[in-house]
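In what follows, a single structure is set out as structure tokens and then discussed.
What follows is calculated from the coordinates using simple rules that are stated; it is not laboratory data. Note that the structure is predicted; figures quoted are calculated from it, not measured. No Cβ is skipped: glycine too gets one built from the backbone with ideal geometry, and neighbour counts run over all protein chains shown.
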Amino acid sequence: MLSRVWLGLLLAALTTTLVKTALGDAGAAAGLTAALFASAKLAVEVAIGLVGMLCLWLGIARIAEGCGAIPWLARKASPLFRCIMPGVPAGDPAIASVTMNLAANVLGLDNAATPLGIKAMHDLQRLNPDPQRATDAQIMFIVLNASSVTLFPVTVFMYRAQQGAAQPTDVFVPILLATVASTLAGFLSVAMMQRLPLWRWPILLTLGVVMALTMGALAWVSMAGADVASQSALLANLALLGLLVAIFGAALKQRVAAFDLFIEGAKEGFNTALTILPYLVAMLVAVALFRASGLLDWLLDGVRWLCQLLAVDSRFVDALPVSLTKTLSGSGARAMMLDVMQTQGVDSFAGRLAAIMQGSSETTFYVIAVYFGAVGVTRIRHALGCSLLADLAGMLAAILVCYLFFG
């Protein structure tokens, strides 16, 4: 899927440029060539800028794993997942695997979440009477992953900081609200399809806490007034510092070798920065050529025209490619986000909206392909439909909260 998207962007850009050149636009080819080299240079600059932050946060993540934070969260969340996955027997190892994966997602530990997710799918597949047909539990697990259950979108903060944002964390509360909308839409759609009883106390308690936090955040926004962006940044900074205190405190209590764990994770961060460089080059080049050819501007102008026809504010249009690409490719959406930040400004309305969309959505097709592919499931039933509904809810919520916070 990613290969087709990448080749499609490149071929569309090259073909359009050749047609424009044939029609007499002498500068079309020169513009495309300039974009080619500029985007490759930008990819290297972004990767180098991320090295230090990746080393820091992957080092902290390794300490969190070493002191038992993820297993502790798994035990606390176990009652809920026994309710939403009734086909899994109480005490089955699959419950622990599922909760550990989602706990890693909540903490933003992507490197831990993927292997834990594959393990969870294998544990759930062990209970599957038809190996090629997805079970209800597997579908619920996939949709929750695809709906981006993330409490600390550290990666988005890192990219905003690297691009020079005045307050990199001021999108924290908007991302939180958008991802809540995405997750609720995904969960409720699956619950409706599977006819799950929603009145059991772990489900009601979780939904109640989520709704209370959401309403509290919205009330806080109305009271903060014009200072809402700086207040969001303050809340995010306090939450991140609180997380660090909890992790370091747990490491001290458990007497783990925190420094050694940090160094181990930091080395992984350096390797990760080198690993993502080829993907950044590939996708940033494709996006830059697509934009330089004029195709992206034509597409966005069409959406703007429709907004004007309907008398709707059109500032959100510049960030739409991020959300539309995210369902297909995480690296593609990241490239789109960086492109918006570069062309519109990291602290512009579109730049902030791109960050919110990136932090509140997931690569749906990637998640489905990797997790179902890992266990050989080919009949995925309602997994894709519910996941795409969650993506749509997240996109609409991201636009709404961006207007709410940043006008």
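For segment 111-188, treating each Cα as an identical point scatterer without solvent, what Debye log10 I(q)/I(0) comes out at q = 0.22 1/Å? Listed by q, the Debye log ratios stand at -1.01.
Taking square-rooted eigenvalues a ≥ b ≥ c of the alpha carbon gyration tensor, is segment 172-218 rounded, prolate or oblate, where a/c under 1.5 means rounded and, failing that, a/b exceeding b/c means prolate?
It comes out oblate by the Cα gyration axes.
Peptide packing for 337-344, 78-85 was compared via the average number of neighbouring C-beta atoms within 10 Å per residue; ordered from the highest value, the list is 337-344, 78-85.
Cβ under 10 Å from SER147's Cβ, SER147 left aside: what net charge do those residues give with Lys, Arg +1 and Asp, Glu -1?
Its environment carries a net charge of -2.
Each Cα pair of the chain feeds into the Kirkwood radius, which the Stokes-Einstein equation turns, at 25 °C and 0.890 mPa s, into a diffusion coefficient of 110 µm²/s.
Taking other C-beta atoms within 10 angstrom as a stand-in for reagent exposure, ASP318, ASP391 fall in the order ASP318, ASP391, fewest first. Largest mean-square fluctuation among LEU299, LEU392, LEU32, in a Gaussian network model of the chain whose springs join Cα atoms under 10 Å apart, belongs to LEU299. Counting only residues at least eight positions apart within a chain, or on another chain, the lysines with an alpha carbon under 21 Å from that of LYS253 are LYS76.
Scanning the chain for long hydrophobic helices, with DSSP H runs required to stretch 27 angstrom or more by C-alpha along their axis and to average at least -1.0 on the Kyte-Doolittle scale, returns 2-22, 27-66, 172-194, 201-224, 228-254, 258-292, 383-406. Exposure proxy shown here: for HIS382, HIS122, the number of other Cβ atoms within 10 Å sets the order, fewest to most, as HIS122, HIS382. Between SER314 and VAL19, the simple spin-label model (points 7 angstrom out along Cα→Cβ) gives 2.1 nm. A Gaussian network model of the chain, with springs between Cα atoms under 10 Å, assigns the largest mean-square fluctuation among ALA333, ALA22, ALA250 to ALA22.
Tell me the mean residue ellipticity at 222 nm calculated for the chain from its helices only (DSSP H runs of n ≥ 4, each -39500 (n - 2.57), averaged over every residue, nearest 500).
-27000 deg cm²/dmol
Lys and Arg at +1, Asp and Glu at -1: add these up for the other residues within a Cβ distance under 15 Å of SER39 and post the number. That works out to +1.
Between VAL245 and ARG75, the contour length at 0.36 nm per residue exceeds the Cα-Cα span by 59.1 nm. When all alpha-carbon pairs of segment 301-407 are counted, what percent fall beyond 21 Å? When every Cα pair of segment 301-407 is considered, 40 percent fall beyond 21 Å. The base-10 log of I(q)/I(0) for segment 340-384, evaluated at q = 0.20, 0.31 Å⁻¹, reads -0.66, -1.02 [Debye formula, identical scatterers on Cα atoms, solvent excluded].
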